[in-house]
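Below you'll find the structure I mean.
What follows draws every value from the coordinates through simple rules; no lab data is involved. Since the model is a prediction, treat every value here as computed from it, not as a measurement. Note that we place each Cβ from the backbone using ideal geometry, even for glycine, and neighbour counts take in every protein chain shown.
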Amino acid sequence: MSDALSMLQERGFIKQTTHAEPLQRFLANEKATVYVGIDPTADSLHVGHSISLMALAHLARAGHRPIVLLGGGTALIGDPSGKTDMRSIISARQISDNINGIRAQVERVFCSGAGDALVLDNADWLREKNYIDFLREVGVHFSVNRMLTAECYKGRMEKGLSFIEFNYMLLQSYDFLHLYRHYGCRLQLGGDDQWSNILAGADLIRRVEQVEAYGITWPLVTTASGSKMGKTEAGAVWLDPARTKPYDFYQYWRNTHDADVKKYLAMFTFLSMSEVNRLGSLEGRDLNAAKEILAWEVTSIIHGQSAANEARNAALALFGGGENNEGIPAVHFSSELLAAGLSIIDLLVGSGIISSKGEAKRLVRGGGLYINEMRVDSPEQRVDMASARDGVIVVRRGKKQYTHIRVQA
């Protein structure tokens, strides 16, 4: 536990901390209870969320107690941090469904060698709060003038900040106070856009309980090209295998830019830093081996070893001359529809590979679509049963994004 803060620093998880020296002593001398908060705004987490889970998991492996707080209550309000417009209001039913989907993903990460995490829902205590009592207990400790200088609010003043969003900082701060009172939690982790909220929560604990609490934020993780991590041409990279197939998930990491390999190995795997440094120092063709290890390790943490092995074998089948392609994403299509012949656009949309005809046409016109490794040059190109080889049509988008269309009666 004595090296926990240094470990987070070395792995790239620290942008800012509160009271660095007291925090270091705190982590060195106590089995700290630590939490991260995630608002369930979708029924799956995406790659960006895995940063918070991995930071917490690394602390858990260092001997500390992890709490993942799902914001069933705060999601009803909407966090204004990092947003230029007010978030859409989500129904309580949808939030409940989202939590059910996310909980299993959280548990998967912490079953990968990090021990169990306590997964809580802040709706369990926020919904019970009487608003007048809440204002008297919590609101009295907040200065409106000071709140308006916080980055999460300051950036919204020109376009407008709703009163419902203005309450968000108070609610998140109360979460921290509640977790201290009931679980002894004195450390919150979060992305750098949460710095103001984390400071407010630590300050509330100090004012109400006369106890020092702490915060750590990590920097926004971007790719070497400067784009936001976890975004691809096809959209976000999700942790739910129904949204992003394990093979596509594996390929996302396998295609990591050379300059990002070491950073991602440090943040998104449990490999020792000596191994991270060794793999990150490889160059040229040898660096591909490090990318394969990165892809397998992350896919194994999120989807399990079996799915990681299938994805790796499928990639080898396509790019390394192997034979097992069972891990490649596949969809089914009616032989009756194909027998009559149809345009490539109708095939892509009808099979669900691409969501709209407009998107499919843009892909073709950009030269990024291949059928059975032959580039499609026109949206009007037609396909029929002759295109199915052994009952399969191989669709490739871009350089490495494969899907098999299996033709069935």
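If each residue's Cβ is checked for other Cβ atoms within 10 Å, how do ARG396, ARG186 rank with the fewest at the top?
Least to most surrounded, the residues fall as ARG396, ARG186.
Follow-up. For the chain, what is the percent of antiparallel DSSP beta bridges, rounded to the nearest 5?
Beta bridges within the chain, antiparallel portion: roughly 45 percent.
Now for a separate question. Hey, what does the equivalent ellipsoid look like for the range 231-319, semi-axes from the Cα gyration tensor as sqrt of 5 times each eigenvalue, largest first, whole Å?
21, 14, 13
Separation of the range 44-68 and the range 183-236 by C-alpha centroid, Å?
Here the answer is 12 Å between Cα centres.
A follow-up question, please. Anything over 19 Å Cα to Cα? Flag those among LYS245/LYS399; LYS129/LYS154; LYS262/LYS291, in the order listed.
Among LYS245/LYS399; LYS129/LYS154; LYS262/LYS291, the Cα-Cα distance tops 19 Å for LYS129/LYS154.
Can you sort MET374, MET229 by how many other beta carbons sit within 10 Å, fewest first?
Sorted ascending by nearby Cβ count, the order is MET374, MET229.
Translational D (Stokes-Einstein, µm²/s) of the chain at 37 °C and 0.692 mPa s when Rh comes from the Kirkwood sum over C-alpha pairs?
Estimated via Stokes-Einstein, D reaches 140 µm²/s.
Amide H neighbours of ARG65 under 5 Å, at least 5 residues apart or on other chains, H built in the peptide plane: list them.
Distant-sequence amide H within range of ARG65: ALA32, THR33, VAL34.
Of the residues LEU23, LEU70, LEU369, which exhibits the maximal mean-square fluctuation in a Gaussian network model of the chain defined by a 10 Å Cα contact cut-off?
The residue that fluctuates most here is LEU369.
Take every Cα-Cα distance within the range 158-213, group them into 5 Å bins from 0 onward, and report for each bin the whole-number percent of pairs it holds.
The distribution over the range 158-213 is 4, 19, 28, 22, 13, 7, 4, 2, given as percents.
What does the highest-first list of 46-52, 71-77 look like by mean Cβ count within 10 Å?
My ranking of the peptides, most packed first, is 71-77, 46-52.
Quick one: what are the phi-derived ³J(HN,Hα) couplings along the range 271-286, Karplus 6.51/-1.76/1.60 with θ = phi - 60°, whole Hz, x for glycine and proline?
Using θ = phi - 60°, the values come out as 5, 5, 5, 5, 6, 4, 5, 5, 5, x, 8, 5, 9, x, 5, 5 Hz.
So, one more: Mind ordering 330-339, 30-39 by average Cβ neighbours within 10 Å, highest first?
Top of the packing list down: 30-39, 330-339.
So for the range 4-218, what percent of the C-alpha to C-alpha distances run longer than 32 Å?
13
Past 22 Å, Cα to Cα, is the threshold; run LYS228/LYS357; LYS15/LYS228; LYS228/LYS400; LYS31/LYS263 against it and keep the listed order.
The answer is LYS228/LYS357; LYS31/LYS263.
Further question on the same structure: Given the -39500 (n - 2.57) contribution per DSSP H run of 4+ residues, what per-residue ellipticity at 222 nm results for the chain, rounded to the nearest 500 deg cm²/dmol?
After summing the helix terms and dividing by residue count, I get -13000 deg cm²/dmol.
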